[in-house]
Structures are given as C-alpha cells and as structure tokens.
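**Q** Right, I'll just put the structure down here and ask away after.
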Amino acid sequence: MPGSSSVIVRRLFALVLILALWALVGCGGGQGVDPSPHPEVTASGSAVRLVGAEEADLLLYVSNQSFNDEESA
C-alpha cells in the first residue's frame, strides 16, 4: 500500500505535537493571586514564620493534589 507509511508518520507527528502542546499548557505558570498569609505566621516572635527562600531554614512545598483521589471520587 503506497503512501500508508506517510499517513502513519503524519498521524504520529500530529499526536506528538498535540501531547507537547497539552504538556506546555498543563505545566504553565500560576493562575491567580497567592492568598495573603495569616498575621501570626508573619510575626517576628512566632515559632513558625513566613520568610523569603533566601532566609529560610526549611522550604515546604504544598500541593492541592491528594494522594487519596481515587478514594474520594
């Protein structure tokens, strides 16, 4: 079947392009304004304070994705 391999190549190329664009859109920057921290967290005498990354002893990354998504669905 002449030409069938070129159709497959075009479809694969289109699939790769769509997946790449989907990944770029899904991994884009933030979509909103960060909430302001509670005053107790920014107080200088507090046990836990919110500071910049350069002053931090510990960096905590928080995600809104649950490990139990399957159970809650």
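**Q** Please identify the pairs in which a residue from the stretch 30-51 that is within 18 Å of VAL62 (Cα to Cα) has its Cβ atom under 7 Å from the Cβ atom of a residue that is open to solvent by less than 80 Å² (accessible area, probe 1.4 Å) and among the β-branched types (Val, Ile, Thr), counting only partners at least 6 apart or on another chain.
**A** VAL48/VAL41; ARG49/VAL41; ARG49/THR42; LEU50/VAL41; LEU50/THR42
**Q** Now for a different question. Report, by residue number, each residue of the stretch 38-70 that is modelled with pLDDT of 70 or more, assigned to a helix (DSSP H, G or I) and open to solvent by 100 Å² or more (accessible area, probe 1.4 Å).
**A** Residues satisfying the conditions are GLU40, GLU54, GLU55.
**Q** Under 8 Å by Cβ, and 6 or more places apart or on different chains, what pairs join a residue from the stretch 53-64 that is more than 15 Å from ASP34 (Cα to Cα) with one that is part of a loop (DSSP other than H, G, I, E, B)?
**A** Matching pairs, first to second residue: ALA53/LEU59.
**Q** Can you report the number of residues in the stretch 21-37 which are loosely packed, with under 10 Cβ neighbours inside 10 Å, outside any loop (DSSP other than H, G, I, E, B) and modelled with pLDDT of 75 or more? Steps first, answer last, please.
**A** Within the stretch 21-37, the subset loosely packed, with under 10 Cβ neighbours inside 10 Å is 24-36.
Filter once more, so that each one left must be outside any loop (DSSP other than H, G, I, E, B): 24-26.
Applying the additional criterion that residues be modelled with pLDDT of 75 or more yields 24-25.
Count: 2.
The values are calculated or read from the model by the stated rules, or taken from the named source; none is laboratory data. These figures come from a predicted structure and were not determined experimentally. As a convention, Cβ positions derive from the backbone with ideal geometry for all residues, glycine included, and neighbour counts pool all protein chains shown. To get the accessible areas, we keep the full protein, side chains included, count just its heavy atoms, and leave off ligands, DNA and RNA. Shrake-Rupley method; radii C 1.70, N 1.55, O 1.52, S 1.80 Å.
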